[in-house]
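Here's the structure we're looking at; comments come further down.
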Amino acid sequence: MRTASFGERRSVAIRAVIALGVFGILMAGLIPPAQSDLFKWIDRQVDGAPGEDGVLIDELEPGPWRMSILERESKATPQRNLSSTAFGKDEDGYSGVKEPKQQESGTAYKPQDVNLLTDGMTHFRLARPGVVPEARIEAKLNQIAARVLAVQPVTNVPIRFVVTGARGLGDASAMHDGVIGIPIAIIADVGSEDELAFVVAHEISHVLLNHHNAEWLASTNEKLANVAEVGLASAVELGAAYGFLDANNQAEMQKVQLITWFAAQATLFLTETALTPSWSRDQEIEADLLAFDLVARAGYDVYEAPVFLERLLKYFEGVETDPFAARRADLDARAESTRDIGQAFMNFVEKARLEFDALTTDLEERHPETQERLDSLVDYIDEHYEDKEDEFDEREAIRSGWAKFLAQPSVDELLTIYRASWETRNYIDVEDYKGAQQKAFAAIKGRGGSLALPRLNFALLRKLQGETTKQRLNLEYALKGPEPSFEVYRDTIRLYRDSGKIKAADALIDEAWTRFKEPPGLYPFRIDALLRSNQREAAQELTTTCRLVFRDKAKSCVQASQGKLKEWEAEQQASL
């Protein structure tokens, strides 16, 4: 057995000691020092059921809004103003696209703290549906928000709206910094402004109640567990370096590594399966109840609140809910084909992770049953608003006004574009490429020609049809649009690399690295670019960050650091 050099032994020793120290802190149940607001929030979670002492709106503390534990996360790099940012100012035929400005690839990576939570604007820009710029919809959301916020005591609430291309009624979300994403599907499906007002008030309630502290705590613990996993793996390396683990005793080493992973996971079990899910369930219900208070005091037709929950219930009844099926099938296929012992072990660990995730997801029930939310809201109304029934009966949702709003040319055009784009994907999923092409052409008419989602779906169709040039043209159209999503950049980068346009790909990597604030999905490409420019130390630092912080990207980052990015890309393509 080769004797490890002093430098090698010192390297693994330092990594193991540091990481095992963090693991000890994690096992002891400690978290980074938190502001007192976090503990006030925790007290509220264990005090009892939401609203049992009175209406929730009366429990809001008057004064300026505070982000509490997450305040430092708001200090993100300023972004340019988006047309879809609230409280701000209000072709067909290919004509060519300029090559991206070629910058020096592989700019040196400077280690820095990685934010525990992505800022809201970047979060929505990273999502596949992307951001949808539409001034009239944004103005309507701003108008509703102003009316709702005026009836409660918290001031300086930094609400900003982003309209997204998401097709799900359950895809509205509020981020920790006050940025709220409202899917275009909700705009298309709700029957009145009053119904939309309940959705807006629900998301605002999450911000008012600082519900994202639970997300922060879970995120912190997960990243500490990642450190623990890497640290204990380093301990195995340390044992091998000093001869404690014979290199030939492979089975024993594999057992230690497997136990290492399960030990790290066990430290998260309480947070992931008991504490956080309970908070999440209570938060959704609490946001519903406070939203009802807000729309009631703002003068909206409150009976539209349960109407939306009933609409949501019906929507979820038709949605398939096995997010692990594709990953499970891929791992099973890889297990059958591999003959390498090391790869077989990695497949086994990955399969164990998948089943652990599936188990805990099932136990957690992160998204409470919509029926439970509806029942809780009805009970709340019966308990606290029985004497308001006559007053509420006099209110009536003005559906004709909402219909007129949706009929405005720019709004109607946008809804038509996204309906066609969603239908494009439906046809693609059932391999009806003729039907998909018809809908794809409809989706890129007018403004749709420069919007991210319609072009992404058309690019996917062209790829499946073997039309690589037309796939590239669709992606380049999206890049020229007002809000190209992360997936537009990623797919274009891959296409440029596959066609040998490495400099153009590297220029896009640099552009996207800045635009999306160092997104996890770019780490493998960035590491590869650093290696090609002989910045090996920077590449290693980025690889370490990836392994410690972004669990699902760790394997691809390690492969990129070994000069095997193409092999990883081939695996990704084979799994699609």
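The values are calculated or read from the model by the stated rules, or taken from the named source; none is laboratory data. Just so you know, these numbers come straight off a predicted model, no measurement behind them. Note that each Cβ is placed from the backbone with ideal geometry, even for glycine, and that neighbours are counted across all protein chains shown. Surface areas here come from the heavy atoms of the whole protein model, side chains and all, with no ligands, DNA or RNA. Shrake-Rupley method; radii C 1.70, N 1.55, O 1.52, S 1.80 Å.
Screening Ala570 against (1) surrounded by 17 or more Cβ atoms within 10 Å (Cβ to Cβ); (2) of a type in the set (A, V, I, L, M); (3) within 28 Å of Thr424 (Cα to Cα) leaves a single unmet condition, (1).
Across region 425-440, the number of residues qualifying as in a helix (DSSP H, G or I) and either more than 19 Å from Pro484 (Cα to Cα) or in contact with a strand residue (DSSP E or B) (Cβ under 9 Å, 6 or more places away or on another chain) (or both) comes to 11. Evaluate region 546-553: report whether one residue or more is within 22 Å of Leu475 (Cα to Cα), part of a helix (DSSP H, G or I) and open to solvent by 10 Å² or more (accessible area, probe 1.4 Å). No; the residues of region 546-553 include none that is within 22 Å of Leu475 (Cα to Cα), part of a helix (DSSP H, G or I) and open to solvent by 10 Å² or more (accessible area, probe 1.4 Å). Say we look at region 498-512 and pick out the residues that are open to solvent by less than 60 Å² (accessible area, probe 1.4 Å) and among the small types (Gly, Ala, Ser); which of these is nearest to His123 (Cα to Cα)? Once the filter is applied, the top-ranked residue is Ala512. With the condition kept exactly as written, say whether any residue in region 453-468 is part of a loop (DSSP other than H, G, I, E, B), basic (Lys, Arg) and under 19 Å from Arg128 (Cβ atoms). For region 453-468, residues part of a loop (DSSP other than H, G, I, E, B), basic (Lys, Arg) and under 19 Å from Arg128 (Cβ atoms): absent. For Leu414, the stated conditions do not hold, so it cannot be described as farther than 14 Å from Pro129 by Cβ, among the aliphatic types (A, V, I, L, M) and assigned to a helix (DSSP H, G or I).
Yes/no per residue for (1) surrounded by 15 or more Cβ atoms within 10 Å (Cβ to Cβ); (2) outside the structural domain of Arg297 (by the TED database); (3) within 26 Å of Gly165 (Cα to Cα):
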{"site": "His384", "(1), (2), (3)": "yes, yes, no"}
{"site": "Asp432", "(1), (2), (3)": "no, yes, yes"}
{"site": "Lys439", "(1), (2), (3)": "yes, yes, yes"}
{"site": "Gly449", "(1), (2), (3)": "yes, yes, yes"}
{"site": "Pro454", "(1), (2), (3)": "yes, yes, yes"}
{"site": "Leu461", "(1), (2), (3)": "yes, yes, yes"}
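Here region 191-202 is the region considered, the condition is being open to solvent by less than 10 Å² (accessible area, probe 1.4 Å) and more than 17 Å from Asn142 (Cβ to Cβ), and the residue that is nearest to the chain's Cα centre (by Cα) is Glu195. Residue selection: Glu476 fails the criterion of being assigned to a helix (DSSP H, G or I) and open to solvent by 20 Å² or more (accessible area, probe 1.4 Å).
Of these, Leu542, Leu495, Leu522, which one is open to solvent by less than 10 Å² (accessible area, probe 1.4 Å), in a helix (DSSP H, G or I) and under 21 Å from Leu453 (Cα atoms)? The match here is Leu522.
For every residue, the table says whether it meets (1) out of contact with any helix residue (DSSP H, G or I) (no Cβ under 8 Å at 6 or more places or on another chain); (2) charged (D, E, K, R).
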| site | (1), (2) |
| --- | --- |
| Lys501 | yes, yes |
| Asp506 | no, yes |
| Glu511 | no, yes |
| Ile527 | no, no |
| Leu531 | no, no |
| Asn534 | yes, no |
| Thr543 | no, no |
| Leu548 | no, no |
| Val558 | no, no |
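I'd like to check something: does region 95-104 contain any residue that is outside any loop (DSSP other than H, G, I, E, B), of a type in the set (A, V, I, L, M) and either at pLDDT below 95 or open to solvent by less than 50 Å² (accessible area, probe 1.4 Å) (or both)? Scanning region 95-104 turns up no residue that is outside any loop (DSSP other than H, G, I, E, B), of a type in the set (A, V, I, L, M) and either at pLDDT below 95 or open to solvent by less than 50 Å² (accessible area, probe 1.4 Å) (or both).
Can you name every residue in region 150-164 that is open to solvent by less than 40 Å² (accessible area, probe 1.4 Å) and either within 22 Å of Lys314 (Cβ to Cβ) or of a type in the set (Lys, Arg) (or both)? Listed by number, the list holds a single entry, Thr164.
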